[in-house]
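The values are calculated or read from the model by the stated rules, or taken from the named source; none is laboratory data. As the structure is a prediction and not an experimental result, all values here were calculated from the model. Don't worry about glycine lacking a Cβ; one is built from the backbone with ideal geometry, like all the others, and counts go over all protein chains shown.
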Amino acid sequence: MEILDAVVIGAGQAGLSASYHLKRRGISHVVLDADDAPGGAWQHRWDSLTMRDVHGIAALPDSASPADEAGRANVVVPGYFGGYEREHDLPVVRPVRVDRVTSEGDLLVVRAGDRSWTARTIVNATGTWSQPHLPYYPGIETFRGEHLHTHRYPGPGHFRARRVVVVGGGASAVQLLGEIAPVAADTLWVTRREPVWRTDDFTPEVGRAAVALVEERVRRGLPPASVVSVTGLVLREQERAAERLGAYARHPMFTAIEPDGVRMPDGSLWEADVILWATGFRPAIAHLAPLHLRSEHGGIRLDGTTAVQDRRVQLVGYGPSASTIGANRAGRVAARGVAAWLAQSESSASSA
Ligand SMILES: Cc1cc2nc3c(=O)[nH]c(=O)nc-3n(C[C@H](O)[C@H](O)[C@H](O)COP(=O)(O)OP(=O)(O)OC[C@H]3O[C@@H](n4cnc5c(N)ncnc54)[C@H](O)[C@@H]3O)c2cc1C
């Protein structure tokens, strides 16, 4: 049986960065990725998301970031990742969807159906895209119209002349309202909390302060908040037409969903054809359940990228590192964490 030093699970920005740094350190590993092709979550983003719309894709280690301003993000970024995997000869195996990681003595066994890999450590880099979050509201199942999550956003044409409720206070809601409002019959934007609009420039300090807030949450073992939720929202040029139509007049959450629409707190019914849930994603970590990493607060407590509950496990692209720049850095930190664990276990084995 081959025993690897590490198995990286996921080949998005975080997994590729981790693999690059593991390779540089001469640490034997494979990268198991559930998708058929390179690109991580980016290959699944909606067609109308262009490189002009994204907040910026950080360059993977030792490369320049993709600069194609006009292209579709779901084409440009996967092309960039695929080129990177080839150029650095990263050991990516796909498609492999890991369904379980178990601890067997000092080793970790990573399973996907009837295949398995045995390793001293794992770096989990599975992102959030496969876990769209759809909150429950009374009556949700009675709605005669269409429920859609941003995960399956079909582009603005789908909403032409329809009445659309957009749920959620994040960047996706703002961006999709910008596309939908000019073609829809009407839109209603509802959020749980008053949205926080950013008026200052998004300086590196503002970014660092936002990341620090999420870092503090995972240090305490709380479920991570999205970094975007703490950076604030901003309207860009491409959202001005929707703004003029009043699409960004925010309303409080409805109290119930009914067959023909949503019941508002003032008792009125807002008739709707579609409810678009821009309610985000959750970390895709069900396969780690056998390791019992969760704290009593429901999140995984991290020291840097190391799981405090089991220091053989690194988590990247999780919580504060859930952005392309964060994922990049986390890959480097995780490779250092893996090297530290291997060195420590080697020295305790030789002194035993
Ligand atoms: C609409 C949208 C726009 C965004 N725009 C930006 C932006 O402009 N700038 C920015 O910095 N961030 C942005 N983000 C956040 C950013 O995309 C992510 O933080 C980052 O790209 C995630 O990288 P990742 O490697 O953690 O995950 P992913 O890119 O999701 O990669 C995870 C990989 O893991 C694989 N995987 C999942 N589960 C398993 C499993 N069980 N077994 C094996 N493989 C598995 C998947 O197949 C996938 O390839 C955006 C997010 C969204 C939703």
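Of the strands (runs of 3 or more DSSP E) lying entirely inside the stretch 268-352, those carrying at least 2 residues that are under 24 Å from residue 118 (Cβ atoms) and touching a strand residue (DSSP E or B) at 6+ places or on another chain (Cβ under 6 Å) are 313-315.
Every residue, every condition in (1) charged (D, E, K, R); (2) more than 16 Å from the ligand (Cβ to nearest atom); (3) in the same structural domain as residue 328 (by TED's automatic domain parsing), yes or no:
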{"position": "93", "(1), (2), (3)": "no, no, yes"}
{"position": "116", "(1), (2), (3)": "no, no, yes"}
{"position": "120", "(1), (2), (3)": "yes, yes, yes"}
{"position": "153", "(1), (2), (3)": "no, no, no"}
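Applying the selection to the stretch 194-209, what residues are surrounded by 12 or more Cβ atoms within 10 Å (Cβ to Cβ), modelled with pLDDT of 75 or more and part of a helix (DSSP H, G or I)? The answer is 209, and nothing else. For first residues located in the stretch 287-301 and closer than 20 Å to residue 97 by Cβ and at pLDDT 90 or above, partners that are in a loop (DSSP other than H, G, I, E, B) and of a type in the set (Ser, Thr, Tyr) and lie 6+ apart or on another chain with Cβ distances below 9 Å form the pairs 287/126; 288/126. Name the residue that is farthest from the chain's Cα centre (by Cα), counting only residues in the stretch 9-42 that are of a type in the set (Ser, Thr, Tyr) and within 13 Å of the ligand (Cβ to nearest atom). So, considering only residues that are of a type in the set (Ser, Thr, Tyr) and within 13 Å of the ligand (Cβ to nearest atom), the one farthest from the chain's Cα centre (by Cα) is 20. Look through the stretch 301-320, keep the residues that are buried (at least 17 other Cβ atoms within 10 Å of the Cβ) and in contact with an Asp or Glu (Cβ under 9 Å, 6 or more places away or on another chain), and return whichever of them is nearest to residue 281 (Cα to Cα). Ranking the candidates gives 319 first.
For the stretch 97-104, indicate whether the set of residues that are within 14 Å of the ligand (Cβ to nearest atom), outside the structural domain of residue 155 (by TED's automatic domain parsing), among the β-branched types (Val, Ile, Thr) and in contact with a His (Cβ under 9 Å, 6 or more places away or on another chain) is non-empty. Yes, the stretch 97-104 contains a residue that is within 14 Å of the ligand (Cβ to nearest atom), outside the structural domain of residue 155 (by TED's automatic domain parsing), among the β-branched types (Val, Ile, Thr) and in contact with a His (Cβ under 9 Å, 6 or more places away or on another chain). The set of residues in the stretch 15-51 that are more than 17 Å from residue 84 (Cβ to Cβ), part of a loop (DSSP other than H, G, I, E, B) and in contact with a helix residue (DSSP H, G or I) (Cβ under 8 Å, 6 or more places away or on another chain) comprises 25, 27, 45, 46, 47, 48, 49.
Of all the residues that make up the stretch 52-90, how many are acidic (Asp, Glu) and either touching a Cys at 6+ places or on another chain (Cβ under 6 Å) or not in a loop (DSSP other than H, G, I, E, B) (or both)? Don't jump to the end; show me each part of the working.
Of all residues in the stretch 52-90, those acidic (Asp, Glu) come to 53, 62, 68-69, 85, 87, 89.
So of that shortlist, the ones also either touching a Cys at 6+ places or on another chain (Cβ under 6 Å) or not in a loop (DSSP other than H, G, I, E, B) (or both) come out as 85, 87.
So the count comes out to 2.
With respect to the conditions (1) within 11 Å of the ligand (Cβ to nearest atom); (2) free of Cβ contacts under 8 Å to residues at least 12 places away in the same chain, residue 112 falls short on a single one, namely (2). Within the stretch 43-91, the residues that satisfy the criterion of being more than 10 Å from the ligand (Cβ to nearest atom), of a type in the set (Val, Ile, Thr) and more than 21 Å from residue 177 (Cα to Cα) are 75, 76.
For residue 35, state whether it is under 27 Å from residue 286 (Cβ atoms), among the acidic types (Asp, Glu) and touching a Ser or Thr at 6+ places or on another chain (Cβ under 7 Å). Can you show your working first?
Working: under 27 Å from residue 286 (Cβ atoms): yes; among the acidic types (Asp, Glu): yes; touching a Ser or Thr at 6+ places or on another chain (Cβ under 7 Å): no.
Judged against the criteria, residue 35 is not a match.
Applying the condition of being closer than 12 Å to residue 121 by Cβ and among the hydrophobic types (A, V, I, L, M, F, W, C) to the stretch 336-350 and asking which residue is surrounded by the fewest Cβ atoms within 10 Å (Cβ to Cβ) yields 343.
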